[in-house]
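The next block holds one structure in the form of structure tokens; read it before the comments.
The values are calculated or read from the model by the stated rules, or taken from the named source; none is laboratory data. Here the structure is a predicted model, which is why all the values come from computation and not from measurement. Heads up, the Cβs are rebuilt from the backbone with ideal geometry, glycines too, and the neighbour counts pull from every protein chain shown. Calculation scope for accessible area: heavy atoms of the full protein, side chains included, ligands and nucleic acids excluded. Shrake-Rupley method; radii C 1.70, N 1.55, O 1.52, S 1.80 Å.
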Amino acid sequence: MTAAPAAWSDEHDGAMDVPKITSSVVLEELDTPWDMAFLPDGTMFFTEKCDGLSVRMPDGTVNALYGIDGSEGYADVGSDLICEGQAGMLGVAVDRHFEDNRTLFVYSTSNKYHGDGCTTNFERCDGNIVMKFKVGEDLASVSDRTDIVTDIQFKPFDSDQPFGGPGAHNGGRIRIGPGGYLWVTGGDRHRGVCPQDGTLLCGKVLRIDGDGNAHPDNNPPEGFDPRIYTYGHRNVQGIDFRPSDGKAFTAEHGPWHNDEITALVNGGNGGWDPAQNTGGRGECPDEYCGYEPNQTEAVDPAIRAAYTPMSDTRFDDLMPPTWNNNGFSQGTSSAAFLTGENWGIYEGRLAVGIMGIGFGDTPIGSRIDLISITPDGLGINGITRMPLGFSARFRGLAMGPDNALYIATEEGEIHKVTAESMN
């Protein structure tokens with residue numbers, strides 16, 4: 001990793017302004033904190049995957065707002081909301097007109113919409129949803145829950161695959177993008193047909209309005225659900241928008257190879273196709289070729305990558321990855337562009353959380369990478385590892401209104417990372 005001549009690409013003239021970076025713990029002893037969203041005064045909404053939605057006030061007071069089934073101490077509970085495997089209460093986003101409409105969006109897993117056909121992993125099984133709430137004036141409660149997306153698929157049962165438990169690959173990051181529209185990231189839920197099937201929302205990135213309707217300019221292939229902005233994804237848990245032009249970039253987990261950062265193109269294909277009997281493959285366990293039990297040991301990552309590539313060049317509408325983690329899969333999670341002159345040469349870089357999944361000879365690599373992306377979005381100028389002084393499973397990243405980066409770790413903490421320009 002090198003700190004780079006990226007100083008020039010980040011549009012800072014003269015000597016490189018490498019900022020002083022410090023971190024402090026804002027909250028601790030949480031249960032798998034997953035995401036954060038802010039009001040202009042620093043009020044922070046946050047989710048805990050197996051507990052629920054809470055808010056931290058600027059004075060440090062925490063109000064527990066909306067829990068999942070079985071949680072305690074919340075002002076209200078969604079009895080249909082569940083936590084299983086990687087599924088649970090995940091992303092949170094504040095409407096851009098919050099001051100007027102008090103609207104908050106939350107992504108969670110629900111058993112309310114599974115349907116009668118949800119009896120095996122080979123069926124649709126809708127289970128991940130996006131909810132809209134009204135937040136009370138005193139920030140002590142939420143009300144008027146409306147489920148604006150109810151048909152993102154969920155994995156209900158075990159499968160004959162490594163890491164094959166229920167609740168796999170839900171995506172779950174939500175963000176407000178340019179124009180105030182809501183972007184929703186998904187995962188393939190370990191079903192082979194998901195990413196390339198335009199009638200299913202698994203393995204997709206959605207762009208919708210606050211009522212769940214498709215953005216009028218979405219341009220998916222003919223016959224696809226109109227809410228789809230991009231398809232062909234494996235498990236997108238990071239999305240943010242470049243401040244200079246509003247372009248969307250995603251961070252995505254790879255299957256033992258090639259975590260990826262991708263510049264999204266309206267209607268584009270991420271290139272993930274784990275279906276059996278395609279791409280030179282035969283039948284796969286549980287009809288899912290994203291993993292293979294016989295590849296768990298002593299298989300060159302390049303062979304795995306050729307067997308099921310993250311970005312399959314068979315597709316004419318492929319969105320080529322900006323970055324592929326040097327062919328490793330270490331678990332990219334959230335991502336956030338750094339904003340504010342206090343970040344010096346790092347201003348405008350994409351901060352990417354790496355959770356440190358180590359498999360075989362893959363280095364653990366728990367870290368936050370600061371990636372300088374080329375203007376066309378198709379490559380990088382350089383990468384710097386953020387000097388935090390500690391390692392963790394970095395699950396959620398979000399910029400605060402104070403130009404600090406907030407980080408949620410699976411170890412149960414939310415950290416505030418500040419940068420001080422040396423110029």
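Looking only at segment 287-317, residues that are loosely packed, with under 12 Cβ neighbours inside 10 Å, β-branched (Val, Ile, Thr) and not in a helix (DSSP H, G or I) come to 1 in all. When the test is whether a residue is among the polar types (S, T, N, Q), buried (at least 16 other Cβ atoms within 10 Å of the Cβ), under 14 Å from the mean Cα position of the chain (by Cα) and at pLDDT 90 or above, Thr332 passes it. Of note, Ala275 does not satisfy the criterion of being more than 23 Å from Ala351 (Cα to Cα), more than 24 Å from the chain's Cα centre (by Cα) and either open to solvent by 10 Å² or more (accessible area, probe 1.4 Å) or at pLDDT 95 or above (or both).
Looking for whichever is part of a strand (DSSP E or B) and either over 27 Å from Tyr346 (Cα atoms) or touching a helix residue (DSSP H, G or I) at 6+ places or on another chain (Cβ under 7 Å) (or both) here; the options are Arg189, Arg207, Arg175. Which one fits?
Arg207
Among all residues of segment 228-238, there is at least one that is farther than 18 Å from His169 by Cα and touching a residue at least 24 places away in the same chain (Cβ under 8 Å).
Do you know which of the residues in segment 210-259 that are in a loop (DSSP other than H, G, I, E, B) and of a type in the set (Gly, Ala, Ser) is most open to solvent (accessible area, probe 1.4 Å)?
Ser244
Residue pairs whose Cβ atoms lie under 7 Å apart, sitting 6 or more positions apart in sequence or on different chains, and linking a residue in segment 240-259 that is β-branched (Val, Ile, Thr) to a partner that is modelled with pLDDT of 95 or more and part of a loop (DSSP other than H, G, I, E, B), are Thr250/Leu264. For the condition assigned to a loop (DSSP other than H, G, I, E, B) and surrounded by 15 or more Cβ atoms within 10 Å (Cβ to Cβ), Leu30 qualifies.
The number of residues in segment 160-186 being hydroxyl-bearing (Ser, Thr, Tyr) and either in contact with a Pro (Cβ under 7 Å, 6 or more places away or on another chain) or open to solvent by less than 10 Å² (accessible area, probe 1.4 Å) (or both) comes to 1.
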